[in-house]
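Trainee: Right, I'll just put the structure down here and ask away after.
The values are calculated or read from the model by the stated rules, or taken from the named source; none is laboratory data. Bear in mind that the values here come from a model prediction, so they are computed numbers and not experimental data. Here Cβ is always computed from backbone atoms with ideal geometry, including for glycine, and neighbour counts include all displayed protein chains. All accessible areas refer to the heavy atoms of the entire protein, side chains included, with ligands and DNA or RNA removed. Shrake-Rupley method; radii C 1.70, N 1.55, O 1.52, S 1.80 Å.
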Amino acid sequence: MSWVTKIPKIELHVHLEGSIPLNALWTLMEKYGGDSKVKTIEDLQAKFIYTDFPHFIETWVWKNQFLREYEDFTYIAEEVAKDFVDQNIVYAEMFHSPSDFFKLGLNAQQLVEAIRNGFNKVPDIHINLVPDLIRDYGPKIGMKTLHKIHEVKEYGVVGITIGGSEQSFPPEPYAEVYKKARDFGFKTSAHAGEAAGPDSIWGAIKTLKVDRIGHGTSAIQDMELMDYLAKHQIPVEMCPISNLKTGSVTSIEKHPIRQFFEKGIPISINTDDPKMFGNSLAEEYELLIKKFGFTKNEIIQIQQQSITSSWASDSLKNELAEQISNFSL
Ligand SMILES: [Zn+2]
């Protein structure tokens, strides 16, 4: 087993609905009558190749039609957690998108409960939940969802993010939602600088006052912003392979991850939607070593940065940090 496979790993930016192992998604497709254009698992794999970011969002919505009942969420949560354990992922902050399923009559509270029931069946990994309020639904629905999520905070809901169509929905209208989230004791992140430019990141920092930035890739276009991220030690959840697959970067060589690291910005490495991009955390690390010249020690350093910038309890952070440093000995 290779070093990148064996090392205990941390995910801070990963979406539950984008992490469903293909066999499990296939089972759900069969449950709901399938899709006449997707006849085999190979067809399913081929469907997960995107021309651009809007095409990715379109495919995301297509896949969600096979999630209809609470038990489907318990099922995928268990399957995803098992898959993570197989990859030596020891801690994850997992996004999920409750608002995508309101139209089916499902509610945010029971969705959280259903997902937690699935995670509970897999005791070898700690997973905290981070609902994604999806900017396409607007701040009004976001605020309502936030209140519902707050009722089930004890199920390990530690923070919120906003994903979705960043290019069409800037962060500023979410200022009140983020303020309320902080009042409720949630940590905050926002997808920013993935499908839009540096202004979107500035908006997330200055208006939403986020604890972390999701992606942040386009910060490289604005040196003042890079300085700001470093000076204020704002953690950035980076997802290199995702950025390549959605066309956020035109080639992997153009990904700015090395510049972020050199600058001293606390980055973490994440897969985003591993089963929709066909990537794994081990492959992300492999890429850092092969394409960007990261050493094993630097990878360990990024791992420790992930732990520091995570929203785990202090005792869990200590435990995780020890697990990683024991591995590096
Ligand atoms: Zn994401």
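Trainee: Looking for whichever is open to solvent by 10 Å² or more (accessible area, probe 1.4 Å), without any contact (Cβ under 8 Å) to a residue 40 or more places away in the chain and part of a helix (DSSP H, G or I) here; the options are 82, 103. Which one fits? Show your work before the answer.
Mentor: Values: 82 fails: without any contact (Cβ under 8 Å) to a residue 40 or more places away in the chain.
Going through 82, 103 in turn, the sole match is 103.
Trainee: Does the stretch 281-297 hold any residues that are of a type outside the set (A, V, I, L, M, F, W, C) and open to solvent by 20 Å² or more (accessible area, probe 1.4 Å), and which are they? Walk me through it before giving the result.
Mentor: Here is the first cut: in the stretch 281-297, the ones of a type outside the set (A, V, I, L, M, F, W, C) are 283-286, 290-291, 293, 295-297.
The answer is 283, 286, 290, 291, 293, 295, 296, 297.
Trainee: With the requirement that a residue be of a type in the set (D, E, K, R) and exposed (fewer than 14 other Cβ atoms within 10 Å of the Cβ), what does the stretch 60-75 give you?
Mentor: 71, the sole residue that qualifies.
Trainee: Sticking with this structure for a sec: Taking the stretch 147-156 as the region of interest, how many residues are under 26 Å from residue 316 (Cα atoms), open to solvent by 10 Å² or more (accessible area, probe 1.4 Å) and assigned to a helix (DSSP H, G or I)?
Mentor: 5
Trainee: Taking residue 276, is it out of contact with any Cys (no Cβ under 7 Å at 6 or more places or on another chain), closer than 22 Å to residue 60 by Cβ and hydrophobic (A, V, I, L, M, F, W, C)?
Mentor: yes
Trainee: Can you tell me which residue is nearest to residue 304 (Cα to Cα) among those in the stretch 85-95 that are open to solvent by 10 Å² or more (accessible area, probe 1.4 Å) and in contact (Cβ under 8 Å) with a residue 12 or more places away in the chain?
Mentor: Here the residue is 90.
Trainee: Consider residue 160 against the criteria (1) away from the ligand (no atom under 16 Å from the Cβ); (2) free of Cβ contacts under 8 Å to residues at least 40 places away in the same chain: it satisfies all of them except one. Which criterion is unmet?
Mentor: Tallying (1) away from the ligand (no atom under 16 Å from the Cβ); (2) free of Cβ contacts under 8 Å to residues at least 40 places away in the same chain, residue 160 fails exactly one: (1).
Trainee: Moving to a separate point now. Assuming residue 226 fulfils every condition listed in (1) open to solvent by less than 10 Å² (accessible area, probe 1.4 Å); (2) within 16 Å of the ligand (Cβ to nearest atom) apart from one, which condition is it?
Mentor: (2)
Residue by residue, here is whether (1) exposed (fewer than 15 other Cβ atoms within 10 Å of the Cβ); (2) at pLDDT 95 or above; (3) within 20 Å of the chain's Cα centre (by Cα); (4) not in a strand (DSSP E or B) holds:
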| residue | (1), (2), (3), (4) |
| --- | --- |
| 111 | no, yes, yes, yes |
| 115 | no, yes, yes, yes |
| 118 | no, yes, yes, yes |
| 123 | yes, yes, no, yes |
| 127 | no, yes, yes, no |
| 130 | no, yes, yes, no |
| 141 | no, yes, no, yes |
| 145 | no, yes, yes, yes |
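Trainee: May I pose another question? Check whether at least one residue in the stretch 190-200 is surrounded by fewer than 19 Cβ atoms within 10 Å (Cβ to Cβ) and at pLDDT 95 or above, and report yes or no.
Mentor: Of the residues in the stretch 190-200, the ones surrounded by fewer than 19 Cβ atoms within 10 Å (Cβ to Cβ) are 197, 199.
Filter once more, so that each one left must be at pLDDT 95 or above: 199.
Yes, that holds for at least one residue.
Trainee: While we're on this one: Counting only residues that are over 19 Å from residue 83 (Cβ atoms), assigned to a loop (DSSP other than H, G, I, E, B) and within 15 Å of the ligand (Cβ to nearest atom), how many does the stretch 250-293 have?
Mentor: Residues meeting the conditions: 0.
Trainee: Something else now. Say we look at the stretch 157-182 and pick out the residues that are hydrophobic (A, V, I, L, M, F, W, C) and open to solvent by less than 50 Å² (accessible area, probe 1.4 Å); which of these is farthest from residue 107 (Cα to Cα)?
Mentor: 175
Trainee: Just one of the numbered conditions (1) more than 16 Å from the ligand (Cβ to nearest atom); (2) in contact (Cβ under 8 Å) with a residue 60 or more places away in the chain; (3) more than 18 Å from residue 122 (Cβ to Cβ) is not true of residue 77; which one?
Mentor: Exception for residue 77: condition (3).
Trainee: Sticking with this one: Is it true that residue 185 is open to solvent by less than 10 Å² (accessible area, probe 1.4 Å) and in a loop (DSSP other than H, G, I, E, B)?
Mentor: It is false that residue 185 is open to solvent by less than 10 Å² (accessible area, probe 1.4 Å) and in a loop (DSSP other than H, G, I, E, B).
Trainee: Based on this model, can you work out whether residue 327 counts as open to solvent by 40 Å² or more (accessible area, probe 1.4 Å), more than 24 Å from residue 95 (Cβ to Cβ) and more than 16 Å from the ligand (Cβ to nearest atom)?
Mentor: yes
Trainee: Okay, moving on. Filter the stretch 27-52 down to the residues that are open to solvent by less than 20 Å² (accessible area, probe 1.4 Å) and in a helix (DSSP H, G or I) and list them by number.
Mentor: 28, 29, 44
Trainee: Considering only residues that are of a type in the set (S, T, N, Q) and more than 14 Å from the ligand (Cβ to nearest atom), look in the stretch 210-223 and name the one that is most open to solvent (accessible area, probe 1.4 Å). Don't jump to the end; show me each part of the working.
Mentor: First, the residues of the stretch 210-223 that are of a type in the set (S, T, N, Q): 217-218, 221.
Filter again for more than 14 Å from the ligand (Cβ to nearest atom), leaving 218, 221.
Numbers: 218: 11, 221: 136 Å².
Step by step, filter the stretch 210-223, then rank; the result is 221.
Trainee: Can you tell me which residues in the stretch 238-249 are within 18 Å of residue 283 (Cα to Cα), at pLDDT below 95 and not in a helix (DSSP H, G or I)?
Mentor: The answer is 246, 249.
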